[in-house]
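Below is one structure; the comments refer to it alone.
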Amino acid sequence: MDSKSPLRQTKSGESMMAVRNSNETPTRKVQLLDVEEIPEGKAKRVEIEGSRIAVTRINGEIYAVGDMCTHANYALSEGPVDTEELTIECWKHGAQFCLKTGEAISLPATRPIMAYQLEIIQTSVFIHLPEKGSA
Ligand code: FES
């Protein structure tokens, strides 16, 4: 593992990804996918516990965001991922969202999507889902 890898080794030998987008919302950790199941440079839709999530891998880093465009509820996982700008684009009208923060960075969408905190343990990706009733 090189020093630029987002994965870190814990004392117990587990590989863990640095926490992104942490906030004060209580969450629970749920197993999402195996790292190898996540496509490089394009999005995959995953439905877990009633949440639709778009997951992608870019240069080994994994991102998970809400799959529904905030403009008109079309699936973002069906649109392109920009691996340079780290954005996902809605195929319907072209709104772009930041994969790191969920921020809407181009019109016609103005409201953000959820950007999920992830952990990788060994080869498994875990997602921190908001506790029901806390979002
Ligand atoms: S539905 Fe996504 S930009 Fe309009």
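Any read-out appearing in this document is the output of simple, stated calculations on the displayed coordinates, not a laboratory observation. Computed from a predicted model, the values in this text were never measured in an experiment. Heads up, the Cβs are rebuilt from the backbone with ideal geometry, glycines too, and the neighbour counts pull from every protein chain shown.
For region 7-130, with only Lys/Arg (+1) and Asp/Glu (-1) charged at the beta-carbon, what is the dipole magnitude about the Cα centre, in debye rounded to 20?
260 debye
Indicate the gyration tensor shape class of region 79-133 (rounded, prolate or oblate), computed on the Cα atoms with a ≥ b ≥ c the square roots of the eigenvalues: a/c under 1.5 is rounded; otherwise a/b larger than b/c is prolate and the rest oblate.
Numbers: a/c = 2.81, a/b = 1.58, b/c = 1.78.
Verdict is oblate for region 79-133.
Taking θ = phi - 60°, what integer Hz values does the Karplus form 6.51 cos²θ - 1.76 cosθ + 1.60 yield along region 98-111, in sequence order, with x for Gly and Pro?
Each residue's phi maps through the Karplus curve to give 6, 6, 7, 10, x, 4, 7, 10, 8, 5, x, 6, 10, 9 Hz.
If amide hydrogens are placed 1.01 Å from N in the peptide plane, which non-local residues have theirs closer than 5 Å to the one on residue 68?
76
Through the Karplus equation 6.51 cos²θ - 1.76 cosθ + 1.60, θ set to phi - 60°, convert the phi angles of region 55-72 into ³J(HN,Hα) values in whole Hz; use x for Gly and Pro.
10, 8, 10, 10, 6, x, 8, 10, 10, 9, 9, x, 8, 9, 4, 7, 7, 8
Quick one: grab the alpha carbon gyration tensor of region 7-130, order the square roots of its eigenvalues as a ≥ b ≥ c, and give me rounded if a/c is under 1.5, else prolate or oblate depending on whether a/b is larger than b/c.
prolate
What is the sum of charges, Lys and Arg at +1 and Asp and Glu at -1, for the other residues whose Cβ falls under 10 Å from the Cβ of residue 56?
Result for the local shell: +1.
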